[in-house]
Amino acid sequence: MKQTIKRLEIIKSSIAIEDDETIQLQVSKLYELDIDEEVKNILTLIKNTDFEKVIPLIEKYINQFTSLV
């Protein structure tokens, strides 16, 4: 879970600086992990370059798990 959150944070930052190479690398790494449907949905949006929807979903996903700690 921790690795998934860290990779999503990297993707979020990479979207902000328009670093497509890093985004694709992190997406590939996430597919190697045991991810839930919510993350799969985020990855699908990234694949479709729907970044306006991706950032709020990443923030929501990260917040739901970091607030539990």
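The values are calculated or read from the model by the stated rules, or taken from the named source; none is laboratory data. For clarity, every value in this text was computed on a predicted model and none was experimentally measured. With ideal geometry, Cβ positions are generated from the backbone for all residues, glycine too; neighbour counts draw on all protein chains shown. We work out accessible area using only protein heavy atoms, side chains counted, and drop any ligands, DNA or RNA first. Shrake-Rupley method; radii C 1.70, N 1.55, O 1.52, S 1.80 Å.
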If we keep just the residues of the range 1-34 that are hydroxyl-bearing (Ser, Thr, Tyr) and within 17 Å of Glu52 (Cβ to Cβ), which is surrounded by the fewest Cβ atoms within 10 Å (Cβ to Cβ)? Ser13
Would you confirm whether any residue within the range 43-50 is open to solvent by 80 Å² or more (accessible area, probe 1.4 Å), in a helix (DSSP H, G or I) and of a type in the set (Ser, Thr, Tyr)? no
Only unsatisfied item for Thr22, checking (1) in a helix (DSSP H, G or I); (2) over 9 Å from the mean Cα position of the chain (by Cα); (3) free of Cβ contacts under 8 Å to residues at least 12 places away in the same chain, is (3)
Would you mind stating whether Ile62 is in a helix (DSSP H, G or I) and in contact with an Asp or Glu (Cβ under 7 Å, 6 or more places away or on another chain)? yes
